[in-house]
Amino acid sequence: MKEAFASALGEIERLFIKLEERVPSPEKVGRGESFAFRYKEQSGEQAIILKMARSISSLNAAALLLEAGYVQEVAVLQRVIDDFQEEIMFLGLALAEGGLESVHEKYLQSMFLDDFEDTDDLMSVLEKKRPFVSRKDIRNA
């Protein structure tokens, strides 16, 4: 079973790389004395790539946790992965059907909002008003 999961995950990662190559890459953006990578276009396709990357990372983490006997923590990650998959479907179906609606645009605005633009004032994140798209709105779309 462990080998089958590893093999499937390896194939998922190979397919992900092929998909990732089809969207514009993130660019280096200055952050104080450091930098971060950010998508300039902030497109639905780029958002899907980010959610897929998080899904793959979470699957890898789940495998490690399961191997170490942390079954409840794996269940928590399963919930997170389910949410990522709903969000991928939410965006992917809209793109496949011809375009994003206002709920999708609001979701992207929230997703790409940079919480830490000023690395010298990390508490400013508490004052930011992030656009909110509920799980119900995602499912209804």
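The values are calculated or read from the model by the stated rules, or taken from the named source; none is laboratory data. Computed from a prediction, not measured in an experiment: that's the story for all the values here. Note that each Cβ is placed from the backbone with ideal geometry, even for glycine, and that neighbours are counted across all protein chains shown. Accessible surface is based on the protein model in full, side chains and every heavy atom, while ligands, DNA and RNA are left aside. Shrake-Rupley method; radii C 1.70, N 1.55, O 1.52, S 1.80 Å.
Here are some notes:
- The one condition in (1) surrounded by 11 or more Cβ atoms within 10 Å (Cβ to Cβ); (2) within 19 Å of the chain's Cα centre (by Cα); (3) modelled with pLDDT of 95 or more that Ala96 fails to fulfil: (1)
- Leu9 fulfils the conditions (1) open to solvent by less than 70 Å² (accessible area, probe 1.4 Å); (2) among the aliphatic types (A, V, I, L, M); (3) under 17 Å from Gly92 (Cα atoms) except for a single criterion, (3).
- As a summary of the residue check, Phe112 satisfies the conditions (1) open to solvent by 60 Å² or more (accessible area, probe 1.4 Å); (2) among the aromatic types (Phe, Trp, Tyr); (3) in contact with a strand residue (DSSP E or B) (Cβ under 9 Å, 6 or more places away or on another chain) except for the one numbered (1).
- Which listed residue is modelled with pLDDT of 95 or more, more than 19 Å from the chain's Cα centre (by Cα) and either more than 24 Å from Ser110 (Cα to Cα) or not small (Gly, Ala, Ser) (or both), from Glu27, Glu73: Glu73
- Test: residue in the stretch 71-83 that is open to solvent by 30 Å² or more (accessible area, probe 1.4 Å), without any contact (Cβ under 8 Å) to a residue 12 or more places away in the chain, within 21 Å of Lys136 (Cβ to Cβ) and out of contact with any Gly (no Cβ under 9 Å at 6 or more places or on another chain): yes
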